[in-house]
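Student: I'd like to ask you about the structure that follows.
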Amino acid sequence: MRLTDYERAMLDGAHGAAKARAMDLLVRYGEALGAERLVETNNVAGAFNASTPSVRHIAEQGFDRVYSELNLDSDETVEIPRMAVPTCQLITGIDNDNWQIQGVDPALAEMQKQSERYLGQRGVNLMATCTPYQVGNVPVKGEHCAWMESSAVIYCNSVLGARTNCEGKESTGAAALTGRIPYWGYHMPENRFGSHLVELDTQVDDMMDWGLLGYFIGYAVEEDIPVLRGVSHQPSLVKLKHFGAAAASSGGVEMYHIPGITPEADTIEEAFGARRPAGTIRYGRKERRETYEKIQSATDSKVDFVMLGCPHNSIEQVELIAHLLEGRRVHPDVQLWVHTPRAIRQIADRSGYCEVIRAAGGVVMSDTCPAISRRLPPGVRVIATDSAKQAHYLPAIARVQGWFGSVRDCVEAAVSGQWRGGVQ
Ligand code: F3S
């Protein structure tokens, strides 16, 4: 791999042991990928926090040990300096306020708080959400980033036109200390053209529609780049957030184009560049219905857990949930958890939405989600969610049955204890 003089000096230890370890990791990682060089990044979104029981025995040796082992793949403990570039923490395993409801051991909750103090002293911004782009981390078009979290990566590449591969704990840990990441994959303009044309023969409008379309496309193109034609309604941040999260769950989609809407292509021709489409995929009412049926893993209509907020809810989603719950009560046999970034929760608190949700018997959570924390209310058998991603993962992770539907269907299930959702 070709290195600049500065990168070579970091590798040789002239800028401290931590940067030397980080550069060693990046060079090994980049060479394994066939990258010929590194690229500068000023935007890292990773997972640094010590919030899982498996990290506890490492944390007992100090947080430098945690970073060295989990974020730098280093057997030797190195002293971790301030991050070299703007860096944020993605989602964690624990809500610092609701850890008791999650059933978290108090010692683990305290360890997370100590870990956050350590990270904050080193310049890690504790956004604690899978949607950093909803709370201020919005890279500009063409910006090279080093992000983890599949739903954030696809949003970053497609909606913002910034550039990232789906990174891991180690590569983001090294990127944060050096401001470098291997130049390959989606950093390279030639790898960002479309591979498949997806023709929409039906209207895709509300959030559930976009989730279903994403889930269908993920299966259809797997890890390739779909280009959508026939979008009838302008999608919002929320709809594209759900679309991307679903496509990155049923498949490994990290980028898509909607010509005229996403920023790298105004036309179908621009979306494909010199590439010839590998095929055309049609999505109509039949495919929509089949996808809806495929997502459902539940057969029992008695629901005992409703999860809303995967990816983490925007403020307008929290407002809608509060509106639908106003003056009502969650069924005594059902738990309702609403997930939103902590920064958005403050606005929701101030706007009175959290009070309405709590008065109805729901819980507003931040910092985490059930799929990442692997914590659900005890005894849950059947869940309902408005997220295709959560419906995809949670039944496998938590051995529960899952219903997927609109936010209205989910709120009705929370209130009645019964799933009555469906699709036309
Ligand atoms: Fe976010 Fe958890 Fe969903 S990390 S995207 S809420 S599975």
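The values are calculated or read from the model by the stated rules, or taken from the named source; none is laboratory data. Please read all numbers here as calculations on a predicted model, not as lab measurements. Methodologically, a virtual Cβ is constructed for each residue, glycine included, from the backbone with ideal geometry; neighbour enumeration extends over all protein chains shown. Please note that ligands, DNA and RNA were not included when accessible areas were found on the heavy atoms of the full protein model with its side chains. Shrake-Rupley method; radii C 1.70, N 1.55, O 1.52, S 1.80 Å.
Student: Counting DSSP beta bridges in the chain, what percent are antiparallel, to the nearest 5?
Tutor: Counting DSSP beta bridges with both partners in the chain, the antiparallel share is about 10 percent.
Student: Cut-off under 19 Å on the C-alpha distance; same-chain residues fewer than 8 positions from LYS141 excluded. Which lysines are left, in chain and number order?
Tutor: In chain and number order, the partners are LYS241.
Student: Rg over Rh of region 1-136, using C-alpha atoms and the Kirkwood radius, what does it come to?
Tutor: Expressed as Rg/Rh, it is 1.01.
Student: Considering only protein heavy atoms and a probe of 1.4 Å, how much of the accessible area of the chain is carbon and sulfur, as a whole percent?
Tutor: Using a 1.4 Å probe with all protein chains present, the chain comes out at 46 percent carbon and sulfur.
Student: Next question, about the same structure. Extending each Cα 7 Å along its Cβ direction at GLU290 and ASP97, get the distance between those two points in nm, one decimal.
Tutor: Simple spin-label model gives 4.5 nm for this pair.
Student: Per residue, what accessible area does the chain have, given a 1.4 Å probe and all protein chains present, in Å²?
Tutor: 40
Student: With springs connecting C-alpha atoms under 10 Å apart, model the chain as a Gaussian network and identify which of ALA220, ALA32, ALA14 has the largest mean-square fluctuation.
Tutor: Between ALA220, ALA32, ALA14, it is ALA32 that shows the largest mean-square fluctuation.
Student: To the nearest µm²/s, what D does Stokes-Einstein give for region 225-310 at 37 °C and 0.692 mPa s, using the Kirkwood radius over alpha carbon pairs as Rh?
Tutor: Estimated diffusion coefficient is 213 µm²/s.
Student: Any idea how far the Cα center of region 126-199 sits from the one of region 9-71, in Å?
Tutor: 18
Student: Report the label-to-label distance for ARG381 and ALA14 in nanometres (one decimal), using points 7 Å from each Cα along the Cα→Cβ vector.
Tutor: Placing both labels 7 Å beyond Cα along the Cβ direction yields 6.7 nm.
Student: What percentages make up the Cα-Cα pair-distance distribution of the chain when the bins are 20 Å wide from 0?
Tutor: Spelled out per bin, shortest first, that is 27, 55, 18, 0.
Student: Follow-up question, since we're still on this one. Could you size up the charge dipole of the chain around its Cα centre, putting +1 on the beta carbon of Lys and Arg and -1 on that of Asp and Glu, and report it in debye to the nearest 20?
Tutor: That gives the chain a dipole magnitude of about 540 debye.
Student: Set the Förster radius R0 to 45 Å, insert the Cβ-Cβ distance between ASP266 and ASP300 as r into 1/(1 + (r/R0)^6), and round the FRET efficiency to 0.05.
Tutor: Efficiency, rounded to the nearest 0.05: 0.40.
Student: Residues in region 74-118 near a label at ARG56, defined as backbone nitrogen under 11 Å from the 7 Å Cα→Cβ point?
Tutor: Hits in region 74-118 for ARG56 at 11 Å: 104-111.
Student: Next question. When the Cα atoms of region 342-424 are enclosed in a convex hull and the volume is divided per residue, what value in Å³ results?
Tutor: 113
Student: Further question: Which order do you get for PHE193, PHE48 if you rank them by accessible area with a 1.4 Å probe, largest at the top?
Tutor: Per-residue accessible area, sorted high to low, gives PHE193, PHE48.
Student: Taking springs between alpha-carbon atoms closer than 10 angstrom, which of GLY379, GLY362, GLY405 fluctuates most in the Gaussian network model of the chain?
Tutor: Largest GNM mean-square fluctuation: GLY379.
Student: How do LEU237, LEU308 rank by accessible surface area computed with a 1.4 Å probe, from largest to smallest?
Tutor: Largest accessible area first, the residues go LEU237, LEU308.
Student: Set the Förster radius R0 to 45 Å, insert the Cβ-Cβ distance between GLU31 and ARG282 as r into 1/(1 + (r/R0)^6), and round the FRET efficiency to 0.05.
Tutor: Approximately 0.60, to the nearest 0.05.
Student: Still on this structure: Under unit Cβ charges (Lys, Arg +1; Asp, Glu -1), what dipole magnitude, rounded to 20 debye, does region 15-102 have relative to its Cα centre?
Tutor: So the magnitude is around 120 debye.
Student: Now a separate question. On average over all directions, what projected area in square nanometres does region 105-241 have, based on the convex hull of its Cα atoms?
Tutor: Across all orientations, region 105-241 yields a mean hull projection of 10.4 nm².
Student: Accessible area, 1.4 Å probe, largest first: how do VAL159, VAL78 sort?
Tutor: Order by accessible area, largest first: VAL159, VAL78.
Student: Quick check: residue separation of GLU79 and ALA274 times 0.36 nm, minus the Cα distance between them. What number comes out in nm?
Tutor: Full extension from GLU79 to ALA274 adds 65.4 nm.
Student: Of the listed peptides 94-102, 21-29, what is their order by residue-averaged count of other C-beta atoms within 10 Å, with the highest listed first?
Tutor: By packing density, highest mean first, the sequence is 21-29, 94-102.
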